[in-house]
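One structure is given here, and the rest of the page talks about it.
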Amino acid sequence: RVLMEFIGLVKSLRRPIMVNLGVGIPAMIASVATEEGVQELIHPTIESGPWGGTMLLHTDFGASVGPYAVIPLPDQFTNYEGGIIDCASLGFMQVDKEGNVNPSFIPGVVTGPGGFPVIAYGAPRIYFAGSFTAGKRVIRVDGMSKRLVIEKDGDVVKFVNKLYEVVYNARLGLMMGQEVKYVTERCVFRLGSEGLIIEEVAPGVYIDRDIIAKMEFKPVVSSDVKEMDRRLFSEGVMGLINDVKELLKPSSSYPSY
């Protein structure tokens, strides 16, 4: 779903974009872009220095397969602080009613924010991405009906009244003019002056039962809630290349070896 945001930005700007991908679900976006054939238009970077390629996951995060450049980490952060990226996708652990985000801090564990604060405030657009709940869950896609099926939800609430630590300040982001969305498997929120606003809901998901009932606060519900694109709940590629085909270079323009 985040890649669809990237593609929409490519279409709007009429050029390739440079993005940052954070640890967790966001790091998977580069491989999806390759599956969709749009990797020429999405240039991913990660804080450790790689530009381009496919990001490795889990404990290998920080490395990339096939990057076209690797720069020193301090220079990478200078670029982020200077606003070189068009957007970023970052993970989240907790979100509150105002849209503030805690990405990593939990009681009793010594953790840090990593590059999160620099990237979050250096990007003009942020697409936070993560599962709606945490804990043991059984959530699947019914390929026949293209619907999300929540058989057992996680027992850990991630949309809470009070964060353990505020690492991204949503009010400051709005003052800076940032565009902010929060993407989960069952819905998409947008950050507005009144806090979180539900804008999209997955097919098969009920707002009251599957979203609001699993939050510690009640978000604003848009007057025009849309269904999440059903291509997200289908087997195979989504065909995103067709949305930006006119911006891709013809194969004849590349040298042959």
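If I ask for residues that are closer than 21 Å to Met18 by Cβ and of a type in the set (Asp, Glu), which ones from segment 82-103 would you list? Before the answer, list the steps.
Of the residues in segment 82-103, the ones closer than 21 Å to Met18 by Cβ are 82-91.
Across segment 82-103, the qualifying residue is only Asp86.
Within the set of pairs 6+ apart or on separate chains, which have a first residue in segment 143-169 that is on the phi > 0 side of the Ramachandran plot and modelled with pLDDT under 95, a second that is not in a strand (DSSP E or B) and not hydrophobic (A, V, I, L, M, F, W, C), and C-beta atoms under 6 Å apart?
Pairs found: Lys146/Arg230; Lys146/Ser234.
Go through segment 152-190 residue by residue and tally those that are outside any loop (DSSP other than H, G, I, E, B) and either open to solvent by 10 Å² or more (accessible area, probe 1.4 Å) or under 20 Å from Phe233 (Cα atoms) (or both).
Step one: list which residues in segment 152-190 are outside any loop (DSSP other than H, G, I, E, B), which gives 152, 156-157, 159, 168, 170-175, 179-183, 187-190.
Cutting the leftovers down to either open to solvent by 10 Å² or more (accessible area, probe 1.4 Å) or under 20 Å from Phe233 (Cα atoms) (or both) gives us 152, 156-157, 171-172, 174-175, 179, 181-183, 187-190.
Matching residues across segment 152-190 total 15.
Checking the condition at pLDDT below 95, among the acidic types (Asp, Glu) and farther than 30 Å from Glu194 by Cα, which residue from Glu40, Glu81 passes? Steps first, answer last, please.
Values: Glu81 fails: farther than 30 Å from Glu194 by Cα.
Just a single option satisfies the conditions, and that option is Glu40.
Rundown of residues vs (1) touching a strand residue (DSSP E or B) at 6+ places or on another chain (Cβ under 7 Å); (2) surrounded by fewer than 17 Cβ atoms within 10 Å (Cβ to Cβ), yes/no style:
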{"residue": "Leu13", "(1), (2)": "no, yes"}
{"residue": "Ile17", "(1), (2)": "yes, no"}
{"residue": "Leu21", "(1), (2)": "yes, no"}
{"residue": "Ala27", "(1), (2)": "yes, no"}
{"residue": "Glu36", "(1), (2)": "no, no"}
{"residue": "His43", "(1), (2)": "yes, no"}
{"residue": "Ile46", "(1), (2)": "yes, no"}
{"residue": "Thr54", "(1), (2)": "yes, no"}
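Within segment 84-92, can one find any residue that is open to solvent by 70 Å² or more (accessible area, probe 1.4 Å), under 16 Å from the mean Cα position of the chain (by Cα) and under 22 Å from Gly173 (Cβ atoms)?
no
Conditions (1) assigned to a helix (DSSP H, G or I); (2) open to solvent by less than 20 Å² (accessible area, probe 1.4 Å); (3) touching a strand residue (DSSP E or B) at 6+ places or on another chain (Cβ under 8 Å); (4) hydroxyl-bearing (Ser, Thr, Tyr), marked per residue:
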| residue | (1), (2), (3), (4) |
| --- | --- |
| Gln76 | yes, yes, yes, no |
| Glu98 | no, no, yes, no |
| Gly114 | no, no, no, no |
| Met144 | no, no, no, no |
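Being under 16 Å from Phe128 (Cα atoms) and modelled with pLDDT of 95 or more is the filter here, so list the residues in segment 10-25 that pass it. Write out each step before concluding.
Step one: filter segment 10-25 for residues under 16 Å from Phe128 (Cα atoms), giving 19-25.
Correct list: Val19, Asn20, Leu21.
Is one or more of the residues making up segment 202-221 open to solvent by 30 Å² or more (accessible area, probe 1.4 Å), within 28 Å of Ile42 (Cα to Cα), within 21 Å of the chain's Cα centre (by Cα) and at pLDDT 95 or above?
No, segment 202-221 has no match at all.
Taking Gly108, is it of a type outside the set (D, E, K, R), within 18 Å of the chain's Cα centre (by Cα) and outside any helix (DSSP H, G or I)? Outline the logic, then answer.
On the way: of a type outside the set (D, E, K, R): yes; within 18 Å of the chain's Cα centre (by Cα): no; outside any helix (DSSP H, G or I): yes.
When the stated conditions are applied, Gly108 does not pass them.
List every residue pair whose Cβ atoms lie under 8 Å apart, where the two residues are 6 or more positions apart in sequence or sit on different chains, the first residue falls within segment 8-35 and is touching a residue at least 40 places away in the same chain (Cβ under 8 Å), and the second residue, located anywhere, is open to solvent by less than 40 Å² (accessible area, probe 1.4 Å) and among the acidic types (Asp, Glu).
Leu9/Asp86; Leu13/Asp86; Ile17/Asp86; Met18/Asp86; Val19/Asp86
The values are calculated or read from the model by the stated rules, or taken from the named source; none is laboratory data. This one's a predicted model, so the numbers in the text were calculated from it and none came from an experiment. Counting neighbours? That spans all protein chains shown, and the Cβs are built from the backbone with ideal geometry, glycine included. Calculation scope for accessible area: heavy atoms of the full protein, side chains included, ligands and nucleic acids excluded. Shrake-Rupley method; radii C 1.70, N 1.55, O 1.52, S 1.80 Å.
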